[in-house]
Structure formats: structure tokens, C-alpha cells
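Colleague: I have a structure I would like to understand better, so I am pasting it below and will then ask my questions one at a time.
No value in this document is a laboratory result; all are computed from the given coordinates. Computed from a predicted model, the values in this text were never measured in an experiment. Cβ placement follows ideal geometry from the backbone for every residue including glycine, while neighbour counts extend to all protein chains displayed.
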Amino acid sequence: MRVLGLDTATRATTVALLDTQAHTVHERRDDPPAGERPRHTTRLLPLAVEALADGRTDWSALGLIGVGTGPGTFTGIRIGIATARALAAARSIPIAGVSTLQALAAGAAGSGRGEERLLAVLDARRGEVFVAGWDPGEVAVAGVEPLLAPRALAPAALADLLAATGERWLAVGDGVLAYPEAVARAGARAPDAGSPLHRVSAAHICRLALTAHPGAPDAVVPEYLREPDAKPARDRLRT
């Protein structure tokens, strides 16, 4: 089967084509420089076309589309899910939503020491992080019950959260890079700042999508975890 994976929940735009028969992965990504805005709108579809070309295939050969459902930036998640839904509907391709946090944690499977659990940490802006934790032996299955359910919290609260689990943790993600001191105080180990383990990879979106239950495009819904950064005027008047 050929699976196209997309994720736009973070500042990066990442796309991958996984071919389960040829055992190949072709990934394309766009990581905007510091200070520049994400380029999801302009780069997502071109990257998908490039990934298909790398795999010497086309849209008609796809058997599944996987898309990251967040959490992450409100606009980014909407762009990724809307694009994946449109592609799936237009070409009658099954679609599966995948937790962006779980995809990030799945990328670190096999990198832990001893009994370390996997903690995915994404920068949520507003002085918060999105976090969730998995057992490394279970993280490769979409929808498996996490050890730490996804949530948004202040970085300073990480220490109490992890201490309550009694586990050792390997922490990955751009939230680790944004708040390294908070992660260190929490007692979690983190790879070097330049490690690719801190980046969400669409290849893991593909792999998790294979273990999910695909369905209709409108069945894929975002996982925001909190209110959007900008509310419509009518909503602000109610608060």
C-alpha cells in the first residue's frame, strides 16, 4: 500500500510517501527560518507532489491518507486537515487522523535508555506546552491509551506532572527546545538540540495511519486542547 502522510500542526510543513511493498519512504519538509511565519498554505501541496514524484507514483495509486490532527497552531491544523479531507474526498481515498504528539513520540521509539518512557512536548505559545506520554512498546499503534493524556500546561508544571508518574522520561519536541530548563528541572532526559527527534515527521504519520481506522473525510477532526489564539468578535463579547 502507498500512504501519503501530512502534518502542519507545528511551524514545519511535512509530507511523506510510504510504500509498504517497496519498503521505502520519501519525505519532504519545509522548516521556516526563525522569525519567519509557517508556509503551510504555499508549501503543503507542492511538497506532496514532490513526494509522489520521488516515489514514482501518482494520486491514483494511493491507498490511504494520514493527517496530523494536532495539537498545535490553530491555523496550521485547519490547513492540514482541510487539505487532507479535500484530497480524500476528491479521489475517494480512505483517510485517517493521527495525533501529532503521538507521531512525535513514535519517532523517538528505540532511542530511550532502559525503562524510559516517551514524552512529546510541543511549544503551544502563550507560555504553555502541549504534552503527552507513551510507553515505547505501544506508541506505534494509533489511538493506544497514553500514559499521560494530551494536555496544555505551563512548562513549570512539568516537574509535578512527571514526578507523579514515578517514571523516567525521554522528552522530545520543539517545546523541549523552547523550555530546556523546565524540562531539565522535571528530570526528563532530552536529545541534543540539533537532533531530528525534536521534529515531527510525516513518515510516522504514515505508519500510525496504517494502524488507525480510516473513514470518511468529515470524520477526521482537529485536536486543539484549548481555545484558539484569536476568537471571533462574537465569542469575545461573551467572555
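Colleague: Net charge within 9 Å of ARG189 by Cβ-Cβ distance, Lys/Arg positive one each and Asp/Glu negative one each, not counting ARG189 itself? Intermediate results must be reported in sequence, preceding the final value.
Modeller: Numbers: positive: ARG113, ARG168; negative: GLU116.
Local net charge: +1.
Colleague: Quick check: net charge around ARG113, other residues with Cβ under 14 Å of its Cβ, Lys/Arg +1 and Asp/Glu -1?
Modeller: 0
Colleague: Which angle between 0 and 90 degrees, to the nearest 10, do you get for helix 74-91 versus the longest principal axis of the chain when only C-alpha atoms count?
Modeller: Between the helix axis and the principal axis of the chain, the angle is about 30 degrees.
Colleague: Hey, another quick one. Starting from the Kirkwood radius over alpha-carbon pairs of the chain, derive D by Stokes-Einstein at 4 °C in a medium of 1.567 mPa s and give it in µm² s⁻¹.
Modeller: Approximately 72 µm²/s, per Stokes-Einstein.
Colleague: So how tilted is helix 202-211 from the main axis of the chain? Cα-based, degrees 0 to 90, rounded to 10.
Modeller: 80 degrees
Colleague: Based on the mean of other Cβ atoms within 10 Å per residue, sort peptides 207-213, 185-191 so the most packed one is first.
Modeller: Put in order of decreasing packing, that is 207-213, 185-191.
Colleague: In what sequence, highest mean first, do 88-96, 198-206 appear when ranked by Cβ atoms within 10 angstrom?
Modeller: Output ranking for 88-96, 198-206: 198-206, 88-96.
Colleague: A further question on this structure: On a 0 to 90° scale, report how tilted helix 40-54 is relative to the longest principal axis of the chain, with both axes built from alpha carbons and the result rounded to the nearest 10.
Modeller: 60 degrees
Colleague: OK, next. Out of all DSSP beta bridges with both ends in the chain, state the antiparallel percent to the nearest 5. Let's see the in-between values first.
Modeller: Numbers: 25 of 38 bridges.
Restricted to the chain, the bridges split so that about 65 percent are antiparallel.
Colleague: May I pose another question? If you find the alpha carbon centre of the range 86-118 and of the range 150-170, how far apart are they in angstrom?
Modeller: Measuring centre to centre over Cα atoms gives 21 Å.
Colleague: Also: Please report the net charge: other residues with Cβ closer than 9 Å to the Cβ of VAL144, K and R +1, D and E -1.
Modeller: Values: positive: none; negative: ASP135, GLU138, GLU145.
Summing Lys/Arg as +1 and Asp/Glu as -1 gives -3.
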